[in-house]
Every structure is written in C-alpha cells, then in structure tokens.
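Right, one structure below, let's go through it.
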Amino acid sequence: MRQERIILTEGNPAIREAGIMVFGHYHQKIPAGRIAREHHGSCYEICYLESGVQPYCLFPGTEENGETEVYELHGGEVFITRPFQFHSTGQEMQRRGSLYWIQLDRDCPQLLLQSPPQSEILKQALSRIQGPVLSVPREVSRYLTDAFRVLREAGGENMLRGCCLLSLFLLELSRLRRGTEEEGNAWGEVKAFIQDNLTAPALSLNAVAAHMHYSRSYTATLFKKHVGMTVHEYILMQKIEYACELLERYSITDVAGLLNFSSAQHFSKVFREQRGLSPSAYERTRERERRGS
C-alpha cells in the first residue's frame, strides 16, 4: 500500500461536538499532491510529523497576500497555524512520511469535553504555543498519537479518554520552548555542512560524523531521532532539492554527475521517488509555468 489515510472525524459527529473539527493521520510512501493556499476559520491546526520531511508556506497575519514564510518540517516537529492564518505547501508536493493533523475550534464552549472554565484554560494554552515550528519530545507527542488510537474505537469511555489525552498534549505543548541553544546550533551546523557539500563525492554518514566529532553510530541514532530519517535519506532529499535548481542550467546527465549519482538512470529513479515525476517531466512542468507567468 502506497498510502494509508484515516480521518476520524468523517461520519463521527460526537468528535466534532468536542471541538475536534478534523483529526487525521496519513502514512505516505510516495509524494502526494500539493496543499493549496487555505485557512481553517476559527480553528488552530497542529500538524505533527512523526517521520519524514514536509514543506510548508505561511502567510503572516490573516491576509491572503503578502510575503510568504517558508518552513521545512522534520520528524519529531509540529507545524502550527492559528485561526484564519493562510498556509500551503507552495509549489512543493507533500512528501513521503507519517503525519498526524488536528484542527481544534477555539469557539467551542466545551473544548475537548472540558467545562467552560477548563475549556478557557485549554484555549489559553493553545494561544501560548510557540510556533510555527516546534520540536516535540516523544513523551509529549505520544499523547497525540495515543489519542488518535483510542478515538478510533467507538464508545463514550474512549471518547473521554481520547479528549483527556489531547488536553494533556496541548498543556505540555504550551510549556515547550524551541529547544536548547546548544541543540539548535548543532542541528544548524549539520544542515549547513550537508548543504555546503552536496557536490562532494565523499558526503556520507561518515563525513557528517567526522565533521561533528561524533561516532558513526551515535550520529546515526541522533539524526534518526531528531529528523525522522537516516543521514543517507536526508542527503538524497537535499540533492534532489538542489537538482531542481541545477536543471535550470544543466542537462539531466550533467546534474547527475555534479551530484555524484552513479548514472543518469539512478538520478532519475531517485528524483521520481522524491518528486513523483521524472526530471524531464519536471523540466516540462517548469517551462509551462514560466510561459504562463
């Protein structure tokens, strides 16, 4: 199966009455379509990426126009949009990975089955959540994933249990910060090193570990924990990102050579896995977009 997609709120009015307007999960093994520019009315939307990498574009304020802020969500992070805040994936497709998303209505008088005073506490917690991107420890994200699992089972008791888990998730999320300065600097250094060496023949897990002065196994474990993919998978993803720029100036064969793929065929195979279309089809799509602009 290339895609598993479950939305609990479809055909379940009891969940919506608790202010949960949408609660879904997908696991994609191939890229999917783009998310068009949209907002969710009076709802907060929290997207938790369990594994993979996903692009997001955010439009500041509540206006549909204006300068776009571009973000890249990694495994173990959430992306948060506030009521009436426009967002999309821009020109990017949704990539492979596992993602949970939930939309909570700030106007619900008894959010997550809480009494009105407790509901106000949850709404204040929602407003305090830092964003739009926030790293979430596994012990916190489990409240969300466990709530999804519980709410898949019918029954009033499970409904109450699921709402309690979601309440804990929001309260813990509101207490998180963007991470320690040391962790942020280390991750920034790793990304910069990979980005600066995409055309280097020796770019690999060994090279990243040596640059960071970590052991190979420790680097692999830490990277998988924070990013949700292996170093090799991340390097391939970044190479394909760079390839999209290089294809504006070079042939497919030349780009494959510049990025140290074993052959143009291997490059085309990885490109199709990452982008959902071949390099030549991508070039034709870009050319049509340029002519239409």
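The values are calculated or read from the model by the stated rules, or taken from the named source; none is laboratory data. What you see is a predicted model, and the numbers here were worked out from it, not measured in a lab. Cβ coordinates were reconstructed from backbone atoms using ideal geometry, including for glycine residues, and neighbour counts include every protein chain displayed.
What's the total number of residues in the stretch 1-41 that are at pLDDT below 80 and buried (at least 16 other Cβ atoms within 10 Å of the Cβ)?
Going through the stretch 1-41 one residue at a time, the tally reaches 4.
Please enumerate the residues belonging to the stretch 236-252 that are over 19 Å from Asn197 (Cα atoms), surrounded by 13 or more Cβ atoms within 10 Å (Cβ to Cβ) and not small (Gly, Ala, Ser). It would help to see each step written out before you state the result.
At the first step, the residues of the stretch 236-252 found to be over 19 Å from Asn197 (Cα atoms) are 248-249, 251-252.
Now narrow it down to the ones that are surrounded by 13 or more Cβ atoms within 10 Å (Cβ to Cβ): 251-252.
Ile252 - this is the single residue of the stretch 236-252 that is over 19 Å from Asn197 (Cα atoms), surrounded by 13 or more Cβ atoms within 10 Å (Cβ to Cβ) and not small (Gly, Ala, Ser).
Out of contact with any Phe, Trp or Tyr (no Cβ under 8 Å at 6 or more places or on another chain), closer than 21 Å to Pro13 by Cβ, assigned to a helix (DSSP H, G or I) and polar (S, T, N, Q) - does that describe any residue in the stretch 122-143?
No: zero hits.
For Gln118, indicate whether it is at pLDDT below 85, in the same structural domain as Ala14 (by TED's automatic domain parsing) and surrounded by 12 or more Cβ atoms within 10 Å (Cβ to Cβ).
Working: at pLDDT below 85: no; in the same structural domain as Ala14 (by TED's automatic domain parsing): yes; surrounded by 12 or more Cβ atoms within 10 Å (Cβ to Cβ): yes.
Answer is no for this residue.
Pick from Glu248, Glu233, Glu241: which is part of a loop (DSSP other than H, G, I, E, B) and modelled with pLDDT under 95? So that I can check it myself, show each step before the final result.
Values: Glu233 fails: part of a loop (DSSP other than H, G, I, E, B); Glu241 fails: part of a loop (DSSP other than H, G, I, E, B).
Only one candidate qualifies: Glu248.
Could you list all residues from the stretch 257-281 that are assigned to a loop (DSSP other than H, G, I, E, B), of a type in the set (A, V, I, L, M) and buried (at least 17 other Cβ atoms within 10 Å of the Cβ)? Write out each step before concluding.
First, pick out the residues of the stretch 257-281 that are assigned to a loop (DSSP other than H, G, I, E, B): 259-263, 276-278.
Then drop every residue that is not of a type in the set (A, V, I, L, M), which leaves 259, 277.
Within the stretch 257-281, just Leu259 meets the criteria.
Somewhere in the stretch 73-91, is a residue modelled with pLDDT under 85, in the same structural domain as Glu38 (by TED's automatic domain parsing) and among the aromatic types (Phe, Trp, Tyr)?
No, that holds for no residue.
Has the stretch 170-190 got at least one residue that is modelled with pLDDT of 90 or more and touching a strand residue (DSSP E or B) at 6+ places or on another chain (Cβ under 9 Å)?
Within the stretch 170-190, one or more residues are modelled with pLDDT of 90 or more and touching a strand residue (DSSP E or B) at 6+ places or on another chain (Cβ under 9 Å).
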